[in-house]
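Scroll down for the structure; my scribbles are underneath it.
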Amino acid sequence: MFVDASNMYTFMDENDMAKKGHNKKQRYDLNQISYYIAANYDYIPLYGEAYPGNVHDSKTFESIIKNIPDNSTVIFDRGYNSKSNIELLHDRKYIGALIQSDHKDLIKLNIEKDSFIETSKNVYGKDHRIIVYHSSVLEKKRVITFMKRFKKVYVKAKRIIETGDSDAMEKARLYLEQEKLNETIELPSMAINSERMDERFNMFGKNAIFTNISDMKGEEIIDLYRKRNRVEHCFRTINTMDIAFPLYHWTTQKISVHMFFSHIAYLFLALIYNEVREFQKDVSLKKTTEYLKDIKLNYAARGKRVVEKIECKSQVSETINGVMKLESIVRD
C-alpha cells in the first residue's frame, strides 16, 4: 500500500475544513483542503479521506493504518516519519525514507552513481535496515529543479538589496531564510558559499531508505519505494482532470462527501485503466480519461434508456467501449 497526502486550494472563507497550510501550488494566500490516499500497486485507491488543511500529514497516519489491510506492506512518504507512527505499524512490514538534513552522516557517504550500500541504524525508536542509494536520473532532475529555483531566488534577493531601503537587508535575509538558502547566498555581498553549494550538490540523487524487511534484496526494496509515484499519479489525475477540483462546497460534511465521490470516480477510472491495459499496453492513466470523453452516447427518449449509437473517435476508446460493454450497461 502506497500512502501519501496532497491538498487543493479553494477560494472559500475559512471553516472547519478550509484552512491555511503548506499548499502544493504555492497558493499560501488561500485556504486549502487536504486529503490522503492509500493506493495499491495497480493505482487502485483502497482508502482515502479529506481533512482540515492545517493538519500535518503525520497526524492522519493512525486513521490510514486502521483502514488498510493488516497484511499489507506500507510504503510512505517522509511526512509520516515519527516514533509514534512507527509504533502504530506493529508487526506490519514497511518502507520509508529518512529526511536528508537529519541524517547527513548517511547522505555524505561516498556512493557511486546507480549503486547502493547497506547499513543499520536506530531511527524512530527502533533498529532499522538502512539502504542508501545514488540515482543518476534523480540527481539530474534535482540539479535542474534546484538551479531554476536558485536563479529565481538569487535575482529576487539581489533586487531587494539594490532598492537601498533601510530594511532591505532584513527583507532579503527573511526571504532567503524562507527559501532555505540563507547559508548558501551571503549577504550583503550576494556571494555564493561554495562549501554549502558543494554540500547541496553532494546530496542530490541520494536517498536513505529505512525498513524492517529483512527477506528482500536491496534492489527490490529500492524499486518498491520508487513505485511510490503510483499514488502521486492518483493525486495528479484527481487534481488535474476535474475529478475533485474545483471544490464548490463549503460545509464540512459536503466537502467530505465531495472528496468521497472523487475517490470513487478515480477508483472506477483506475479499474477501467487496468482492464484496458491488458489490451493496449501503451495507454496511460491520464489518457484513459481523455479517451473516455471520446465515447459519445446517444439515447432514445420516451422514458427508456436505449442506446441508438455509440461513437468512438479512437482505437483506445473502441477498446474501452468493448471492455466496459457500454451498450449492455446502458440498456440494463
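The values are calculated or read from the model by the stated rules, or taken from the named source; none is laboratory data. Everything numeric in this text was worked out from a predicted model, so none of it was measured. When we count neighbours, we look across all protein chains shown, and the Cβ atoms used for this are built from the backbone with ideal geometry, even at glycine. Note: accessible area is taken over every heavy atom of the protein model, side chains too, but ligands, DNA and RNA are not part of it. Shrake-Rupley method; radii C 1.70, N 1.55, O 1.52, S 1.80 Å.
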Order by protection proxy (mean Cβ within 10 Å, highest first), peptides 33-43, 180-190
33-43, 180-190
Computed for region 191-295: size of charge dipole around the Cα centre, +1 on C-beta of each Lys and Arg, -1 on C-beta of each Asp and Glu, debye to nearest 20, value 220 debye
In the full protein assembly as shown, how much of Thr252 is accessible to a 1.4 Å probe, in Å² to the nearest 10?
50 Å²
Simple spin-label estimate for Lys156/Ser63, 7 Å along Cα→Cβ, in nm, reads 3.2 nm
Calculated diffusion of region 58-129, Stokes-Einstein form, Kirkwood radius summed over Cα pairs, 10 °C and 1.306 mPa s, µm²/s:
115 µm²/s
Cα-based convex hull volume of region 235-275 per residue, rounded to whole Å³:
54 Å³
Give the separation of the Cα centroids, region 163-211 to region 83-146, in Å.
23 Å
In region 1-48, what percent of the accessible surface is made up of carbon and sulfur (1.4 Å probe, ligands and nucleic acids excluded)?
47 percent
Dipole magnitude of the chain, debye to nearest 20 (Cβ charges: Lys/Arg +1, Asp/Glu -1, about Cα centre):
760 debye
More than 32 angstrom separation, counting every C-alpha pair in the chain; what % is that?
46 percent
Report, largest value first, the span of the C-alpha coordinates of region 202-291 along each principal axis, in whole Å.
45, 38, 29
Using the basic label-point model (7 angstrom from Cα toward the beta carbon), what is the Lys121 to Asn15 distance in nanometres?
4.4 nm
Going residue by residue through region 171-177, the Karplus relation 6.51 cos²θ - 1.76 cosθ + 1.60 with θ = phi - 60° gives ³J(HN,Hα) values, rounded to whole Hz and with x marking Gly or Pro, of 4, 5, 4, 4, 5, 5, 5
Full-stretch length increase - Met203, Tyr28 - with 0.36 nm per residue and alpha-carbon distance subtracted
60.2 nm
May I ask which residue of Asn321, Leu181, Ser120 lies farthest towards the positive end of the charge dipole of the chain, with charges of +1 (Lys, Arg) and -1 (Asp, Glu) on Cβ and the Cα centre as origin?
Asn321
Need the list of lysines near Lys158 for cross-linking: C-alpha distance under 24 angstrom, and skip anything on the same chain fewer than eight residues off.
Lys148, Lys171, Lys180
Taking amide H positions as placed in the peptide plane 1.01 Å from N, state which residues far from Glu49 in sequence (5 or more) or on other chains have amide H under 5 Å from it.
Tyr36
Rolling a 1.4 Å sphere over the protein heavy atoms, what is the accessible area per residue of the chain, to the nearest Å²?
57 Å²
Can you list the lysines whose alpha carbon sits under 16 Å from that of Lys83, skipping same-chain ones fewer than 8 residues off?
Lys59, Lys93, Lys121, Lys126
